[in-house]
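Take a look at the structure set out below.
The values are calculated or read from the model by the stated rules, or taken from the named source; none is laboratory data. Source: prediction; values computed, not measured. What goes into the accessible areas is simple: the full protein's heavy atoms, side chains included, and nothing from ligands, DNA or RNA. Shrake-Rupley method; radii C 1.70, N 1.55, O 1.52, S 1.80 Å.
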Amino acid sequence: MTLSQFLGGAISLPLYYAYHILWIDDADVLRVRDRDAAMALPFSFLLGAILPAILACVPTWNGPDSRSPEVHQKYLAIFQVDPLWVALIQVLLPKLFRWLRSNERNNLTKSPKTAHTWIQTSYLLAAASSAMGRIYTVARVYMSTEEGTNLVRMRIPSPPEGPVGGLPDALARGTFLYLQYDVPIFEFASLSWAFLLLMRMPNRPRASSLTLVTVMLIGYLTIGAGATVSLALYVREGLLLEKERGTD
């Protein structure tokens, strides 16, 4: 995440995915060893990522309740360091869970299934939040009566220097450049990474590569790349649990 802040996600994400694929080929079964850390993941995601995103996006710049650009940038500053909030919460919550369990008379069983369930819950939360953001954005675009508000203008990089006309400041133009260049790289790299991870699972369903590509493409066009990747990782987590049971 730090590398992403310095270089930009369009550069750092493909590098991270490439390294992860190389690492995963040499790794043993990815056994979940800490149930408390797995249990903390959904809460870290909600408190460290979703909550700052809501503060940054609501209310939007449109409408009578919109905030001033100065106030909006202050909220965005809080959101920019969300990796720090996630890391802090992820460190502190497992300690709290261990302390609470140590004071219980009946300790909870540390089963791999329980740990994997918490991880899958995190993926479902990520998929739901991403899908809602995608559906809301597309709905707002199609409901807009402004001629310049459409997906083609938002997502197709033309002209190369960014959209011209109707955007008086560089900050607004930067948002369009981000949507036209960075986001497509995020989506393509993430979808490719999730596809390769699933294809490397020896116990995956015997479907062809074309079938998997088709399913992921449908997911991308309907619920978006983020939700599709999260659901792919949800499926992979279940396959990892089956593989782990087979090695025990």
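Here are some notes:
- Compared with the alpha-carbon gap, the fully stretched path from E146 to L100 is longer by 11.1 nm at 0.36 nm per residue.
- Taking all protein chains as they are arranged and a probe of 1.4 Å, the heavy atoms of V138 leave approximately 40 Å² accessible to solvent.
- Gain on full extension, evaluated as 0.36 nm per residue between L221 and L84 minus their Cα-Cα distance, stands at 46.1 nm.
- Listed residues K95, K74, K243 arranged by accessible area, highest first, probe 1.4 Å: K74, K95, K243
- For region 126-138, Karplus couplings with θ = phi - 60° (6.51, -1.76, 1.60), whole Hz, Gly/Pro x: 5, 5, 5, 5, 5, 5, 5, x, 5, 5, 5, 5, 5
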